[in-house]
Amino acid sequence: MAGAVGLVVAVLAAGRLLTMPEPAAPPPPPTAETAVTDLWPSASIVRSPGRLGDGRAYTPLFHLDPATSVGTALTGDGAHLRLIVRSGSAEREVLRRPAGDNPQFNGFATAGDDLVFMVSSNSDAAAATSVLYRASWRAGGASVLTADTGAVIFFNSQYDVVIIEGRVHWAAAGEGTQSTEVRSVPLGGGRVAVQSVDGAYALSAWPWLTSAGGSQGGSVELRNLVTGERRTVSGAANELVNCGPVWCRVMILGAAGQPARTDVMRPDGSDRKRMAAGTISSAVLDVALIDRFEVLAQTTSSGTGTLKLMLFDVSTGRSAVLATAVATVQARGSTVWWSTGSDEAVEWFALDLGKLT
C-alpha cells in the first residue's frame, strides 16, 4: 500500500474502460505572473506567527477556516507534544502526548463542533498503533473514540478520515497485500464496523474507493461502497492519472521518465487542457480543490530550495501567483495554507479558495 500514495485515483465517470488520448496540438501552458489578489480581488490571505504565545514553534496540520487552525507544539520542557486549536490570538490545548512516543497526528475531520483525528505512535520496537480521538474544537478536551483502528493507511488526503451521517470512516490494510478494510464507528462511540474489500484501495469522495498501484501506468478502478458499482479508467503507459469526482490530473512522463507536463480533464476524458510544464508540479494530492483549483509549485532559481506557489483555475484555464519563497504547503477542503521563513522567522498564511469570486 505504501507505494500507492502517488497514484490515488478516483473517477466518477461512466462505468466503461476509458482511454485518455493526447490532446491535439495542446496550447502552451498559461503564464502565472499575475498575483492572486489581482485576479481575484476578494482574496483575503490570513497571516499568523509561527510561534505560540509561550514562544514554542507551532505547525498547523488542519484548518477549519483561514483564521482557525489545529496544529502541534511542544511543551515548554519539551516532554510532550500538544495538539492546539488556534483562532486568532486564542490558543486552546486539545490533547498532549509524550514526545518520546513520537506521536503523529493525522486524519482530521469535523462535523459541527466535533473534531476527530488519529494519533499514531511507536514508543518501542513494536509496530505503530493508531487511536481515534473525538474532541470539541471550540471547548477542547479530547477523549478516545476507539483504539480498534486496524492498520490505518494515511495518504495525506482530505479523505483519510471522513464523517458521513454520524459515522467516522477510514481505510486500513487488510490481511495480506491485496485487501482493504473500510472501518467506521459512530461519532458518539460504539462498536467498530469493518467492511472488507478485495484489492488495495483508499477512500475518496464518499462513497467511493479508489484503487492504488505503484506502476507508472495502467488501469485504475473506482468502487462504490454502497452500491457495489465498479468503474475503470486507464491512462497511457507514460501517464500517471489522479482523479476526483469532477476533474482529473494527468502527469505525462518524458522519455527519461521525468515529468514533461501536467494536464487536467473531465473524468470521461473530455475538456482536457494543459495546466503546467515539467518544472511545475501539483503541490497537494487531492485533485481540483472545491472542484475548481489546482495548487501548483515550482522550485525557485535562487538556490534556497523554496517554492513559488500558483493557483490554476481548471474551469477557466487562468492561473496566478499565490506566494513566493514558500517552505511548506498543505490544503484541506477549501483552505490552502503555507509557510515562509525558517527558525524564528517562520510565518504561516492561509486562504479560503471558496471566497475567490
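The values are calculated or read from the model by the stated rules, or taken from the named source; none is laboratory data. Just so it is clear, the model here is predicted, and its values are computed rather than measured. Note: ideal-geometry Cβ built from the backbone for every residue, glycine included; neighbour counts use all protein chains shown. To get the accessible areas, we keep the full protein, side chains included, count just its heavy atoms, and leave off ligands, DNA and RNA. Shrake-Rupley method; radii C 1.70, N 1.55, O 1.52, S 1.80 Å.
Of V162, V233, all but one fail to be assigned to a strand (DSSP E or B), touching a residue at least 12 places away in the same chain (Cβ under 8 Å) and under 28 Å from Q258 (Cα atoms); the exception is V233. Within the range 335-348, does at least one residue satisfy the condition of being touching a residue at least 60 places away in the same chain (Cβ under 8 Å), within 17 Å of S44 (Cα to Cα) and not in a strand (DSSP E or B)? No.
Residues that are open to solvent by 30 Å² or more (accessible area, probe 1.4 Å) and either aliphatic (A, V, I, L, M) or under 19 Å from V119 (Cβ atoms) (or both) within the range 160-180 comprise I163, I164, A173, listed in sequence order.
Among the residues making up the range 311-320, those that are under 19 Å from L285 (Cα atoms) and buried (at least 20 other Cβ atoms within 10 Å of the Cβ) are L311, F312, V314, S319. Here the range 179-223 is the region considered, the condition is being modelled with pLDDT of 90 or more and out of contact with any strand residue (DSSP E or B) (no Cβ under 7 Å at 6 or more places or on another chain), and the residue that is nearest to G235 (Cα to Cα) is R191.
Under the condition of being at pLDDT 95 or above and hydroxyl-bearing (S, T, Y), the residues counted in the range 88-119 number 1. Taking (1) part of a strand (DSSP E or B); (2) of a type outside the set (A, V, I, L, M, F, W, C); (3) open to solvent by 40 Å² or more (accessible area, probe 1.4 Å) in turn, R183 satisfies each apart from (3). Just wondering, is there one or more residues in the range 292-299 that are buried (at least 18 other Cβ atoms within 10 Å of the Cβ), touching a residue at least 12 places away in the same chain (Cβ under 8 Å) and assigned to a loop (DSSP other than H, G, I, E, B)? Yes: one or more hits.
Residues that are touching a helix residue (DSSP H, G or I) at 6+ places or on another chain (Cβ under 9 Å) and within 21 Å of Y58 (Cα to Cα) within the range 292-332 comprise A323, A331, listed in sequence order.
Report yes if A276 is among the aliphatic types (A, V, I, L, M) and loosely packed, with under 15 Cβ neighbours inside 10 Å, otherwise no.
So A276 does not fit the description; no.
Within the range 127-153, being part of a loop (DSSP other than H, G, I, E, B) and open to solvent by less than 60 Å² (accessible area, probe 1.4 Å) holds for W137, T149, G150, I153.
Per-residue answers, yes or no, for (1) in contact with a Ser or Thr (Cβ under 6 Å, 6 or more places away or on another chain); (2) among the hydroxyl-bearing types (S, T, Y); (3) under 30 Å from V321 (Cα atoms):
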position: W40; (1), (2), (3): no, no, yes
position: R47; (1), (2), (3): no, no, yes
position: G53; (1), (2), (3): no, no, no
position: L61; (1), (2), (3): no, no, yes
position: G71; (1), (2), (3): yes, no, yes
position: L74; (1), (2), (3): no, no, no
position: A79; (1), (2), (3): no, no, no
position: G88; (1), (2), (3): no, no, yes
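Is one or more of the residues making up the range 253-267 surrounded by 19 or more Cβ atoms within 10 Å (Cβ to Cβ) and not in a strand (DSSP E or B)? Yes: the range 253-267 contains one or more residues that are surrounded by 19 or more Cβ atoms within 10 Å (Cβ to Cβ) and not in a strand (DSSP E or B). Annotation: of all residues in the range 75-121 being touching a residue at least 40 places away in the same chain (Cβ under 8 Å) and more than 21 Å from V161 (Cα to Cα), the one that is surrounded by the fewest Cβ atoms within 10 Å (Cβ to Cβ) is E93. Just one of the numbered conditions (1) farther than 19 Å from A200 by Cβ; (2) modelled with pLDDT of 90 or more; (3) in contact with a strand residue (DSSP E or B) (Cβ under 7 Å, 6 or more places away or on another chain) is not true of V250: (2).
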